[in-house]
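Down below is the structure, laid out as structure tokens.
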Amino acid sequence: MTGYMVFTDGACNPNPGPGGWAAIFAVNGEKVKVLKGSERATTNNRMELTAALRALESVPENSFVTIHTDSQYLMMGITRWLPGWVKRGWKRAGGTLANEDLWKALYAQTQRVKIKWKWLRGHAGTALNEMADREARRAIPR
């Protein structure tokens, strides 16, 4: 089974507004591949989810992927809230689920690949996280 180490980030300026996302694939702490993209009208949360989704979609089935994110929204959603959303038919306890399309797509990836989710503090000097942040910001349409 192939293993992948990925650092993801999303950015929006302003929020909501134009946004960018990036996923940095690394081996031995060194960047080996960058995926990135943008949307003209989006939110920071959508870009965070998109970065993780595009990274996961790019790896072969049954791969092992460690996703590093500084997004509490992504981390809490995927590790804590997701089972409840699935059980309630993709509804929050308080009503409508924001970004349902992306959450459903991420859930599908959790069935396809083995994922370890790691949260890290943003802007704390982790080189590949800082690189993901820079690439996401550079991807924002001007």
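Bear in mind that the values in this text are calculations on the coordinates, not laboratory data. These figures come from a predicted structure and were not determined experimentally. Quick reminder, even Gly has a Cβ in these numbers, built from the backbone with ideal geometry, and neighbours come from all protein chains shown.
Below is a table of values for the structure above.
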read-out: Under Karplus coefficients 6.51, -1.76 and 1.60, residue-wise ³J(HN,Hα) of the range 92-97 in Hz, glycine/proline x; value: 6, 4, x, x, 5, 8
read-out: Nonlocal amide H pairs with residue 99, under 5 Å, H built at 1.01 Å; value: none
read-out: Mean ellipticity per residue at 222 nm, deg cm²/dmol - from DSSP H runs of n ≥ 4 across the chain, formula -39500 (n - 2.57); value: -10500 deg cm²/dmol
read-out: Packing-based order for 92-102, 38-48, using average beta carbon neighbours within 10 Å, highest first; value: 38-48, 92-102
read-out: Listed residues 32, 113, 65, most fluctuating in the chain (Gaussian network, C-alpha, under 10 Å); value: 32
read-out: Electrostatic dipole magnitude of the chain [Cβ: Lys, Arg +1; Asp, Glu -1; Cα centre; debye, to 20]; value: 280 debye
read-out: Rounded Å value of the spacing that divides the Cα centres of the range 61-123 and the range 1-45; value: 15 Å
read-out: Listed residues 103, 58, 126: farthest to the positive end of the dipole of the chain (Cβ charges); value: 103
read-out: Under Karplus coefficients 6.51, -1.76 and 1.60, residue-wise ³J(HN,Hα) of the range 44-60 in Hz, glycine/proline x; value: 4, 4, 4, 5, 4, 5, 5, 4, 5, 4, 5, 4, 5, 5, 8, 9, x
read-out: Rounded to 5, percent antiparallel among DSSP beta bridges of the range 1-127; value: 60 percent
read-out: Among 52, 105, 22: highest mean-square fluctuation, GNM of the chain, C-alpha pairs under 10 Å; value: 105
read-out: Net charge contributed by nearby residues that have their C-beta within less than 10 Å of residue 67 (K/R +1, D/E -1); value: +2
read-out: GNM flexibility winner over the chain from 77, 89, 122 (Cα, springs under 10 Å); value: 89
read-out: Rh by Kirkwood over Cα pairs, then Stokes-Einstein D for the chain at 0.692 mPa s and 37 °C, µm²/s; value: 217 µm²/s
read-out: Length-normalised contact order for the chain - Cα pairs under 8 Å, 6+ apart - percent; value: 36 percent
